[in-house]
Structure formats: structure tokens, C-alpha cells
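Visitor: Below you'll find the structure I mean.
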Amino acid sequence: MAPVVRALAARPAIRQQVLLTGQHPGLADAFAPVAADELKLDLRDKSVPELRDTLSSAVAGYLAPSPPELVVVQGDTTSALAGAIAARQCGIPLAHVEAGLRSYQTEPWPEESNRVAIDALSDLLFAPTEAAAANLFAEPQVTGSVHVTGNSGIDALLHARGPAAAPCHYAERRTILVTCHRRENRAETLARICIALKRLVAEMPVDIVFPLHPNRHLRLAVETVLGSTPHITLTEPLPYPDMVRLMEASWLILTDSGGLQEEGPALGRPVLVMRDVTERTEAPANVALVGTEPAAILSAVHRLLMDEVHYARMSRPALPFGDGHAAPRIAILIEDYIAGRARVAL
């Protein structure tokens, strides 16, 4: 959302306020020059329904005293759904950045249900791709205006990267960036992934860098299995520019993240996705689903090590999810929407 905030800040007719839910402290600086407010809530150990209800009530309380002309939410998190519900409760129009992504799988994770619900509530829907827009047009509950803009996450990536990507260094041991945080990859599934990672560094000439998710239960589970393992470095969550530099320096990205399925290809890095399905159905040849079984993960990494043609095919830069100019398009559409509402009011 930071590129969208910057793009709106460049339009004199727009005044905006950023609201952070407070789940991940330290994000306010990303939205400069716009000041960010942050909710002060105890959100520890809440179930998904409890988190949604707590956040939607708090966001509604923030919006109600001085309702804006539009609320903008991004993505498929519980926070995004809570913001959407709060906007509707307050009678405020809603815009959704990254609308229309679909995996058509709803269990055991909530993200798919969140996407569908947010899109049904939205007046403005900013789809990253034509395929995402087609998903929206096919759903009768979606009644808002659909626009293909690209994904502003690619804007953020290219802004952080700068004009030229750093080269990928092929050392004796090649670096694999690992991230793992999704709800379906917990408990026994996370244990299988950790076993795969230990086997990777033991059986192949690779080093792993694993930035940990702030969720303390996830951290503890990963640290218990992988802590002190040679050739595996567990780090704190990285500031976004540092994360981009790490992606650029990595030989491979192994992840369950939706965002990294977009960012890795944009940087020309192969991405192996530790999931069975994905909502990024337009993923290019750089991306392959490998599931969470250790044997499948090891086999996919081994093939990349041994097959130079296969690795080269998965290393070609690709930008199916945006060209780096989504945020200005979104800002123009928002300004036009608000101006149109003002004309109707007159």
C-alpha cells in the first residue's frame, strides 16, 4: 500500500489518513510523508473470528467520528476484511487493492473467504491482472466497478530495488531464501517443512536464510527444530529494502507467500511454492508448486541444482502481475471516483 499512499499524496485534491492495525509494529515509516495512526489493541492469542470482530469494531470506532469519502483496503488478511466490514458498518464506500485473486480453496485457511467477502463489499475493485478481473465479472455478488491496474506490490518492489538488480552470486554453497507463515502450513505441516530444510542443507551445497514471522508461536516452532542447525540462519523480520536485497542475492526462493510468487519472478529468481494450490494462477515459468512433503521439496531443489537449462528457464525475469505503475493508476481512479460522487451530491 505504500506506493498507493505516495501516489495519492502527489494529488493535491486528495487528503488521506493511514490506519495501521498494530499487529506488526514499526510499519509507520513506510508511509512517509503521510502520517500513520495505529490502533492500540491486545491481539495476542485471538482466534480468527475474535481478531476480525475486535479489529472491525476498533476500525469502525476510528472512522465514525469523521467518516472519509472512501476506505481503501489491500489484500486478503483478517485486517483487510475487518476494515471492509467497518467501512460498510459506517456507510462508507470501499475500494479493494489486489481484488479478484482466487484459489477456489476455502479450507483450512481463511484468505479465500476474505477475498470473496471483501470483493462483494467493494465499490471500487483494483484487479492486478485480466484473469483476476474475469474472476470478479463471473461472480454475481460483485457489484462494484472493476479496473485492471496491476499490483502495487510490484511498484513497491521496483522502487526498493532501484534501477538495476544486483547480480546473483554463485558461491560454493548457494543461498536459498525461505519464508513460511501461512495458516495451512502450521503444526504437522510446518514440521515436515522444517525436516525438508534440515535435509536440504545436509544433502546439498546450499545455505538457507529464513526470516521469521513475528507470530511467536510460528517462531518457537521453527526455532525448536532449526535453531543451531549448520548452514541455516534464522533472522528477525527484515525491513522491506533489505528483504529485496536478500531476494536478489538468493539463488532460489522457497516460500508459501503469495507476494513472493510475484516478486521472485520480477527479479528473475526461481520460486518453489510450498503449497498445493495458489491464488496467483498467472504465475509464470519461474514459479512451481511443490507442496510440503520433504521428498517433493528436495527433488525440486535437486533438479534446479543439476539441470542448468531448467534453472535458466526458471530464472528469466517476468512481470505478469504489474509493470510498476499500478499505484498512479489506482490514485487516478480514486480521485475520479470521489470527484464523481461530489458531482452527484451537488
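Visitor: Examine region 237-249 for a residue that is open to solvent by less than 10 Å² (accessible area, probe 1.4 Å), of a type in the set (G, A, S) and out of contact with any His (no Cβ under 6 Å at 6 or more places or on another chain), and state whether such a residue exists.
Guide: No, region 237-249 has no match at all.
Visitor: Report, by residue number, each residue of region 119-128 that is more than 8 Å from A99 (Cα to Cα) and open to solvent by less than 10 Å² (accessible area, probe 1.4 Å).
Guide: Result: S122, L124.
Visitor: Further question: Answer yes or no: is there a residue in region 152-159 that is of a type outside the set (S, T, Y), open to solvent by 50 Å² or more (accessible area, probe 1.4 Å) and at pLDDT below 95.
Guide: Yes, there is a match, as at least one residue in region 152-159 is of a type outside the set (S, T, Y), open to solvent by 50 Å² or more (accessible area, probe 1.4 Å) and at pLDDT below 95.
Visitor: For I297, state whether it is of a type in the set (V, I, T), open to solvent by 70 Å² or more (accessible area, probe 1.4 Å) and either part of a helix (DSSP H, G or I) or touching a Ser or Thr at 6+ places or on another chain (Cβ under 9 Å) (or both).
Guide: no
Visitor: Suppose the filter is surrounded by 20 or more Cβ atoms within 10 Å (Cβ to Cβ) and either over 11 Å from E279 (Cβ atoms) or touching a Lys or Arg at 6+ places or on another chain (Cβ under 8 Å) (or both); does A133 pass it?
Guide: no
Visitor: Hey, among the residues in region 62-82 that are touching a residue at least 60 places away in the same chain (Cβ under 8 Å) and closer than 17 Å to V5 by Cβ, which one's least open to solvent (accessible area, probe 1.4 Å)?
Guide: It comes out as L70.
Visitor: Here's another thing I want to ask about it. Among (1) open to solvent by 50 Å² or more (accessible area, probe 1.4 Å); (2) modelled with pLDDT under 95, where does S103 come up short?
Guide: (1)
Visitor: Take the residues of region 175-196 that are closer than 20 Å to L238 by Cα and at pLDDT 90 or above: which is most open to solvent (accessible area, probe 1.4 Å)?
Guide: Here the answer is T175.
The values are calculated or read from the model by the stated rules, or taken from the named source; none is laboratory data. All values derive from a computational prediction rather than experimental measurement. Neighbour counts run over all protein chains shown; Cβ positions are idealised from the backbone, glycine included. To get the accessible areas, we keep the full protein, side chains included, count just its heavy atoms, and leave off ligands, DNA and RNA. Shrake-Rupley method; radii C 1.70, N 1.55, O 1.52, S 1.80 Å.
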